Amino acid sequence: MLIARSLVELRQHLQRFERPAFVPTMGNLHDGHLNLIALAKPLGDVTVASIFVNRLQFLPHEDFASYPRTFEDDCDKLRMQGCDVVFAPDETELYPQPQTFKVQPDPALADILEGQFRPGFFTGVCTVVMKLFHAVFAHSGGVAMFGKKDYQQLLVITQMVRQFALPVELVGVETRRSADGLALSSRNRYLSQEERAEAMQLSMALHQLGQAALVCGETLPDCLPQLQEQAMERLRLRGWQPDYLCVRRRLDLQLPLAGDALVVLGAAKLGQTRLIDNLEI
Ligand code: PAF
């Protein structure tokens, strides 16, 4: 497995391939990431993972400094999974100058939900993903894998790829979960033992909210505000600090009308750890 530290090295190596299959990550890999690699392998002629903790997508008070960095361990896992190339630039390689030029996603999609609570987050994500795509797909188009756990991220990147006509086919992959339903996430390692036992309540709350929304039928738009508030209140009573629990239409995450395909999305803090999850219903 090649570990490329520079853009030049990566581009030179990928010259000989026709269809890279790419899995962008921030490292601290879990089974969800390894599943993306396994699914990527048959889709391209070379499998590439990136490991880069992208400062641009963190707010000043967020966990950029403490984000778990486990590079050696990650490389062992990627090697075992049959990954061919790891792109692991340092910050000055991707951002040799302060990044004043940014990719600005559509506020209608990017300033709601996660974007409301993490302003600028999707600008940071789009900017780095654009750079990574230019690096990996410098010579040919290919395929890139994204987990559906970051549902809004997948929609934002889909819109970016479409609007810039990037030669990248996106594949959204189902969320991997622990046996109790907790979505796998690098941030789960911040949870204490007690919090870890409680954490599955988020996916349960989304499931309950989804079921209640489905019962509303035609009256969905009127039902939702109360159902969502009740769902958040139940989590508050258990000691959570929810940012949002809501039902949106899958297509563009706007308020749904009866008959729309739906997704339930949630973000909530448990102690110091902010968890997100979603469920297509
Ligand atoms: O989903 C992630 O891990 C990150 O947002 C990504 C896509 C690697 C960009 O930094």
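Only one entry in PHE58, PHE64, PHE52 is within 19 Å of ARG189 (Cα to Cα) and in contact with a Lys or Arg (Cβ under 7 Å, 6 or more places away or on another chain), namely PHE64.
Does LEU206 fit the bill of being at pLDDT 95 or above, surrounded by 17 or more Cβ atoms within 10 Å (Cβ to Cβ) and out of contact with any Asp or Glu (no Cβ under 8 Å at 6 or more places or on another chain)?
On the way: at pLDDT 95 or above: yes; surrounded by 17 or more Cβ atoms within 10 Å (Cβ to Cβ): yes; out of contact with any Asp or Glu (no Cβ under 8 Å at 6 or more places or on another chain): no.
Criteria not met by LEU206.
Scanning segment 224-253 for residues that are touching an Asp or Glu at 6+ places or on another chain (Cβ under 9 Å) and in a loop (DSSP other than H, G, I, E, B) yields ARG238, GLY239, TRP240, ARG250, LEU251. Of all the listed residues (PHE64, PHE71, PHE58, PHE52), the sole one being among the aromatic types (Phe, Trp, Tyr), touching a Gly at 6+ places or on another chain (Cβ under 7 Å) and more than 13 Å from GLY147 (Cβ to Cβ) is PHE71. For segment 156-167, indicate whether the set of residues that are in contact (Cβ under 8 Å) with a residue 12 or more places away in the chain, over 29 Å from VAL264 (Cα atoms) and away from the ligand (no atom under 15 Å from the Cβ) is non-empty. So far as segment 156-167 goes, yes, one or more of its residues are in contact (Cβ under 8 Å) with a residue 12 or more places away in the chain, over 29 Å from VAL264 (Cα atoms) and away from the ligand (no atom under 15 Å from the Cβ). Residues that are loosely packed, with under 13 Cβ neighbours inside 10 Å and closer than 20 Å to ASP111 by Cα were ranked within segment 217-251; the one that is nearest to the chain's Cα centre (by Cα) is LEU251.
Residues in segment 136-155 that are touching a Leu at 6+ places or on another chain (Cβ under 9 Å) and free of Cβ contacts under 8 Å to residues at least 40 places away in the same chain: 1 in all. When the helices (runs of 4 or more DSSP H) confined to segment 136-223 are screened for residues that are closer than 30 Å to GLN12 by Cα and of a type in the set (A, V, I, L, M), those reaching at least 1 such residues are found at 151-163.
Quick check on segment 179-199: of everything there that is over 24 Å from SER66 (Cβ atoms) and either touching a residue at least 12 places away in the same chain (Cβ under 8 Å) or within 16 Å of the ligand (Cβ to nearest atom) (or both), which residue is nearest to the chain's Cα centre (by Cα)?
Narrowing segment 179-199 to residues over 24 Å from SER66 (Cβ atoms): 179-181.
Then keep just the ones that are either touching a residue at least 12 places away in the same chain (Cβ under 8 Å) or within 16 Å of the ligand (Cβ to nearest atom) (or both); that gives 180-181.
Details: ASP180: 21, GLY181: 18 Å.
Of everything passing the filter in segment 179-199, GLY181 is nearest to the chain's Cα centre (by Cα).
Taking the criterion of being away from the ligand (no atom under 15 Å from the Cβ), under 13 Å from PRO89 (Cβ atoms) and buried (at least 18 other Cβ atoms within 10 Å of the Cβ), the only residue of segment 8-52 that qualifies is LEU10.
The values are calculated or read from the model by the stated rules, or taken from the named source; none is laboratory data. From a predicted model like this one, the values you see are computed outputs, not experimental measurements. Neighbour counts are summed over all protein chains in view; Cβ atoms, including those assigned to glycine, are modelled from backbone coordinates with ideal geometry.
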